[in-house]
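Asker: This is the structure I have questions about; it appears just below.
The values are calculated or read from the model by the stated rules, or taken from the named source; none is laboratory data. Not measured: the values here are computed from a predicted model. Positions of Cβ are generated from backbone atoms using ideal geometry, with glycine treated the same way; all protein chains shown enter the neighbour counts. With ligands, DNA and RNA removed, areas are computed over all heavy atoms of the protein, side chains included. Shrake-Rupley method; radii C 1.70, N 1.55, O 1.52, S 1.80 Å.
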Amino acid sequence: QVQLRESGGGLVQAGGSLRLSCAASENIISTNNMGWYRQAPGKQRELVAYISSSDWTHYYIDSGRGRFTISRDNTKNTVYLQMNSLKPEDSAVYYCNTIPVNYTWGQGTQVTVSA
């Protein structure tokens, strides 16, 4: 069973940066559209960024455009999310998965942005 392991979250001040990583236990990163999702307390999980399997298409949630960058390293079976100019409203647990969702969710990584 494929395992997804997110890391890189933490507590940062508004305006700071974080780089999230998602490592897959099997070689799924290079052959799938991959997405980063987030879920804040009391809210539904939402897609914040995705990268197509060809790398030709990137998508970002409106609030993240210009601040977030998604990338992948197929040799490491890892997808990344660089987040700059973080805002308190970016606080959430961040997860990765394929698009559409094909695998069990990992534990996620907590991002907390203080004002």
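Asker: For the stretch 61-83, which residues satisfy the criterion of being over 17 Å from Thr31 (Cα atoms) and surrounded by fewer than 18 Cβ atoms within 10 Å (Cβ to Cβ)? Outline the logic, then answer.
Answerer: Within the stretch 61-83, the first condition is being over 17 Å from Thr31 (Cα atoms), and the residues that meet it are 61-69, 81-83.
Result: Ile61, Asp62, Ser63, Arg65, Gly66, Arg67, Thr69, Gln82.
Residue by residue, here is whether (1) within 17 Å of Val93 (Cα to Cα); (2) not aliphatic (A, V, I, L, M) holds:
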| position | (1), (2) |
| --- | --- |
| Asn32 | no, yes |
| Tyr37 | yes, yes |
| Ala49 | yes, no |
| Trp56 | no, yes |
| Tyr59 | no, yes |
| Ser63 | yes, yes |
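Asker: Let me ask you something else. If Val111 satisfies every condition in (1) open to solvent by less than 20 Å² (accessible area, probe 1.4 Å); (2) of a type in the set (Val, Ile, Thr); (3) modelled with pLDDT under 95 but one, which is the exception?
Answerer: Of the numbered conditions (1) open to solvent by less than 20 Å² (accessible area, probe 1.4 Å); (2) of a type in the set (Val, Ile, Thr); (3) modelled with pLDDT under 95, the odd one out for Val111 is (3).
Asker: Ok, one more. I need a count of the residues in the stretch 88-115 that are under 12 Å from the mean Cα position of the chain (by Cα) and part of a strand (DSSP E or B).
Answerer: Matching residues across the stretch 88-115 total 10.
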